[in-house]
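Chemist: Take a look at this one; I'll ask things after.
The values are calculated or read from the model by the stated rules, or taken from the named source; none is laboratory data. As the structure is a computational prediction, the values presented were derived from the model and not from experiment. Here the Cβ positions follow ideal geometry from the backbone for every residue, glycine too, while neighbour counts run over all protein chains shown. Ligands, DNA and RNA are excluded from the accessible area calculation, which covers all protein heavy atoms including side chains. Shrake-Rupley method; radii C 1.70, N 1.55, O 1.52, S 1.80 Å.
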Amino acid sequence: MQDTLHKVLQDDIAQQTYPSATLYVVATPIGNAGDISLRALHTLSIVDAIACEDTRNTGHLLTRYGLSKNLIAAHQHNEREVAEKLISRLHAGERIALVSDAGTPAVSDPGARIVDAVRNAGLRVVPLPGASAAVAALSASGLLNDQFYFVGFLPAKAKQRETFLFSLKSVAATMVFYEAPHRIDETVTALVAAFEPTRHIVFARELTKLFEEIHRCTLAEASAWINADAHRQKGEFVVLLEGAPVAGDQDQLETERILKILLQECSVKQAATLAAHITGQKKNALYDRALQLKSEADSTES
């Protein structure tokens, strides 16, 4: 079985073309070295050079796979200068790979300016998909939303962070934040201050690594959870925040709030009648929902 699978994969790789004068944007593992693709390994083995965020980190990664290549440092402080050198080498017909320290380059990591410059020079850019912390966290979150809004890292200064978060209050998509361990506590505090306490938040810590942890709770519970264990403030974080409810959802939430208040003092029938007068919604539907809420409240009390 393994031999057959290996042969199929090798055949697929062999059929793929790898043109010269091309920049290959290669995703690398975010933690577990086994997450690199066979196509990525093949590409890294045939390119003439690799532009990377940190030559030491990429050097260690290549050594694990038995590879050795000319490495070119390409970080956020020298992207424009490096882009010119890479373009010159690409015009000479070389194949060059672009990698970041972990995950997909140019996604909250260096590389976007290089890709932009190479494309503007009329040269080809080929992406090799792979590990992405944001997508991995979304896939395991259970947040029911067809859209997500990638925020990345929040501003470091408190006032700028507060202003920025305020601008996101009406975003309906699931919001995706990256955060470092030394700032996770203050980021959670800022999120609690900016958004409704009933929104769900997901902490995805140390994804694909030995101490991976994914926890989902309401925003009201977030600070208590993050501070309950000192280990929870270690490692790299992806934080997912539930988006703002759409108009219909907001109306439904308000209707349920009214019903819950009325049920504390009234019968189910009376609560439904009064809620119908207040909201303009149909009494029968409100009666059915009131019955459900009453049943849920009774089961909780028992």
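Chemist: With each run of n ≥ 4 DSSP H residues scored as -39500 (n - 2.57), what mean residue ellipticity at 222 nm is computed for the chain after dividing by its residue count and rounding to the nearest 500 deg cm²/dmol?
Modeler: Values: 12 runs with 141 residues, N = 302.
Calculated from helices alone, the mean residue ellipticity at 222 nm is -14500 deg cm²/dmol.
Chemist: Provide the gained length on full extension for the span D35 to E213, in nm with one decimal, where the gain is 0.36 nm per separating residue minus the Cα-Cα distance. Intermediate results must be reported in sequence, preceding the final value.
Modeler: Numbers: separation 178, 0.36 × 178 = 64.08 nm, distance 1.78 nm.
Full-extension gain reported as 62.3 nm.
Chemist: Take the Cα radius of gyration of the range 178-259 and divide it by 2.2 N^0.38 Å, with N its residue count; two decimals is plenty.
Modeler: Values: Rg = 14.5 Å, N = 82, 2.2 N^0.38 = 11.7 Å.
After normalising by residue count via 2.2 N^0.38 Å, the value is 1.24.
Chemist: Ok, one more. If you scale each eigenvalue of the Cα gyration tensor by 5 and take the root, what three semi-axes come out for the range 25-132, rounded to whole angstrom and sorted largest first? It would help to have the intermediate numbers written out before the result.
Modeler: Values: eigenvalues 84, 41, 33 Å².
They are 21, 14, 13 Å, listed from largest to smallest.
Chemist: Using only Cα positions of the range 59-214, each an equal point scatterer, no hydration layer, compute I(q)/I(0) via Debye at q = 0.08, 0.09, 0.10 Å⁻¹ and quote the log10 values to two decimals.
Modeler: Rounded to two decimals, the profile gives -0.32, -0.41, -0.50.
Chemist: Working from Cα positions, state the angle (0 to 90°, nearest 10) between the long axis of helix 79-91 and the longest principal axis of the chain.
Modeler: 50 degrees
Chemist: Would you kindly state how much longer the chain becomes between Y149 and F164 on full extension, computed as 0.36 nm times their sequence separation minus their alpha carbon distance, in nm to one decimal? Walk me through the numbers before you get to the answer.
Modeler: Working: separation 15, 0.36 × 15 = 5.40 nm, distance 1.38 nm.
Once the chain is fully extended between Y149 and F164, it gains 4.0 nm.
Chemist: Report the extension gain between H231 and L123 in nm, rounded to one decimal, defined as 0.36 nm multiplied by the number of residues separating them, less their alpha carbon distance.
Modeler: On the way: separation 108, 0.36 × 108 = 38.88 nm, distance 4.62 nm.
Between H231 and L123, full extension yields an extra 34.3 nm.
Chemist: Which percent of the accessible area of the range 179-228 is formed by carbon and sulfur heavy atoms (probe 1.4 angstrom)?
Modeler: Values: 1360 of 2350 Å².
The computed percentage sits at 58.
Chemist: Stokes-Einstein at 4 °C, 1.567 mPa s, Kirkwood radius from Cα pairs: D for the range 249-290 in µm² s⁻¹? Walk me through the numbers on the way to the answer.
Modeler: Details: Rh = 9.7 Å.
Using the Kirkwood radius from Cα pairs, D works out to 134 µm²/s.
Chemist: Using only Cα atoms, tell me the angle between helix 184-194 and the longest principal axis of the chain; keep it within 0 to 90° and round to the nearest 10.
Modeler: So the inclination is approximately 40 degrees.
Chemist: Can I ask one more? At most 16 other C-beta atoms within 10 Å and a DSSP loop state: those are the exposed trypsin sites (Lys or Arg not before Pro) I care about. Give me the longest piece of the chain that has none. Don't skip to the answer; put the middle values down first.
Modeler: Values: sites that count: K157, K169, K209, K234, K282.
After excluding every exposed loop site, the longest remaining stretch is 1-156.
Chemist: In units of 2.2 N^0.38 Å, what is the alpha-carbon radius of gyration of the chain?
Modeler: Details: Rg = 25.5 Å, N = 302, 2.2 N^0.38 = 19.3 Å.
For the chain, the normalised Cα radius of gyration comes out at 1.32.
Chemist: Next up: Alpha carbon centre of the range 66-80 versus the range 104-162: separation in Å?
Modeler: 19 Å
Chemist: Dividing the alpha-carbon radius of gyration of the range 96-146 by 2.2 N^0.38 Å (N being the number of residues), what value is obtained? Please list the in-between numbers first.
Modeler: Details: Rg = 13.8 Å, N = 51, 2.2 N^0.38 = 9.8 Å.
Taking N as the residue count of the range 96-146, the ratio is 1.41.
Chemist: log₁₀ I(q)/I(0) of the range 163-302 at q = 0.14, 0.18 Å⁻¹, via Debye over equal Cα point scatterers, no solvent, to two decimals?
Modeler: Results for the range 163-302 at q = 0.14, 0.18 Å⁻¹ read -0.78, -0.97.
Chemist: With axes computed from alpha carbons, what is the tilt in degrees of helix 247-263 against the longest principal axis of the chain, rounded to the nearest 10 within 0 to 90?
Modeler: Tilt of helix 247-263: around 40 degrees.
Chemist: To the nearest whole percent, what portion of all C-alpha pairs in the range 101-192 is separated by more than 18 angstrom?
Modeler: Values: 2427 of 4186 pairs.
Result for the distance tail: 58 percent.
Chemist: Per residue, how large is the accessible surface of the chain? Use a 1.4 angstrom probe and give square angstrom. Intermediate values should be presented prior to the final figure.
Modeler: Numbers: 16890 Å² over 302 residues.
That works out to 56 Å² per residue.
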